[in-house]
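Everything below concerns the one structure shown next.
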Amino acid sequence: MISLREITTRNYSECISLEVNESQKNYVYSNLESLKKWENSKINLVPLAIYINETIIGFLMYKVNWKYDCYFLWSFMVDKKYQGFGFGKKALANLVSKLENDNKCSRITTTVVEGNEVVLSMYVKAGFRTLGEMQEGEIDLERIID
């Protein structure tokens, strides 16, 4: 069973040890970089570990952007050992459900680095739509919250 859990001193080291495949490293910040951003930031970042039962398999972080009435999915990764089993898709569905229940914003936005077709397809299948805009080599996406 997939669950999203807060980052704590107990799972921090495990989280930063997770890695994507070498070919994916240009598509996502390392978890350490993301967590340092969270630790040094005053903005509304929410980091979460992705678990299968009691095993940490991934990481995501989103930002509550009150100005634009959206959640911005800042970082999303599944460790290379757990890719290809649908866990990313399930974690994304879990996050969407969580944010729908939070009911703070009306949409979820994110970006995908151009060329990352697998992740782009996952977002589109999860109800995200491309906005037809690209900034700094990243495709803008959004999903309206039901």
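The values are calculated or read from the model by the stated rules, or taken from the named source; none is laboratory data. Since the model is a prediction, treat every value here as computed from it, not as a measurement. Methodologically, a virtual Cβ is constructed for each residue, glycine included, from the backbone with ideal geometry; neighbour enumeration extends over all protein chains shown.
Scan the range 103-126 and report the pairs whose first residue is free of Cβ contacts under 8 Å to residues at least 40 places away in the same chain and under 15 Å from residue 145 (Cβ atoms) and whose second residue is in a helix (DSSP H, G or I) and charged (D, E, K, R), with Cβ atoms within less than 8 Å and a gap of 6+ or a chain change. What qualifies is 126/89. With the condition kept exactly as written, say whether any residue in the range 93-112 is among the acidic types (Asp, Glu) and either closer than 17 Å to residue 38 by Cβ or in contact with a Gly (Cβ under 6 Å, 6 or more places away or on another chain) (or both). No, because not a single residue in the range 93-112 is among the acidic types (Asp, Glu) and either closer than 17 Å to residue 38 by Cβ or in contact with a Gly (Cβ under 6 Å, 6 or more places away or on another chain) (or both). Filtering 43, 50 for residues that are surrounded by fewer than 13 Cβ atoms within 10 Å (Cβ to Cβ), within 22 Å of residue 100 (Cα to Cα) and either free of Cβ contacts under 8 Å to residues at least 40 places away in the same chain or not acidic (Asp, Glu) (or both) leaves a single hit, 43. The residue that is nearest to the chain's Cα centre (by Cα), counting only those in the range 16-45 that are of a type in the set (A, V, I, L, M, F, W, C) and under 19 Å from residue 89 (Cα atoms), is 28.
Within the range 60-74, can you find the residues that are under 10 Å from the mean Cα position of the chain (by Cα) and over 18 Å from residue 49 (Cβ atoms)? The answer is 72, and nothing else. Taking only pairs six or more apart or across chains, which ones have beta-carbon atoms under 9 Å, a first residue in the range 130-141 that is on the phi < 0 side of the Ramachandran plot and loosely packed, with under 11 Cβ neighbours inside 10 Å, and a second residue that is modelled with pLDDT of 90 or more and part of a strand (DSSP E or B)? Short answer, once both residue conditions are applied: 133/139; 133/140; 135/111. Take the conditions (1) surrounded by 14 or more Cβ atoms within 10 Å (Cβ to Cβ); (2) on the phi > 0 side of the Ramachandran plot; residue 70 misses just one of them, which is (2). Which one is modelled with the lowest pLDDT among residues in the range 13-26 that are in contact with a helix residue (DSSP H, G or I) (Cβ under 7 Å, 6 or more places away or on another chain) and surrounded by 13 or more Cβ atoms within 10 Å (Cβ to Cβ)? Step by step, filter the range 13-26, then rank; the result is 20.
Taken over the range 112-146, residues that are β-branched (Val, Ile, Thr), outside any strand (DSSP E or B) and over 16 Å from residue 26 (Cα atoms) amount to 2.
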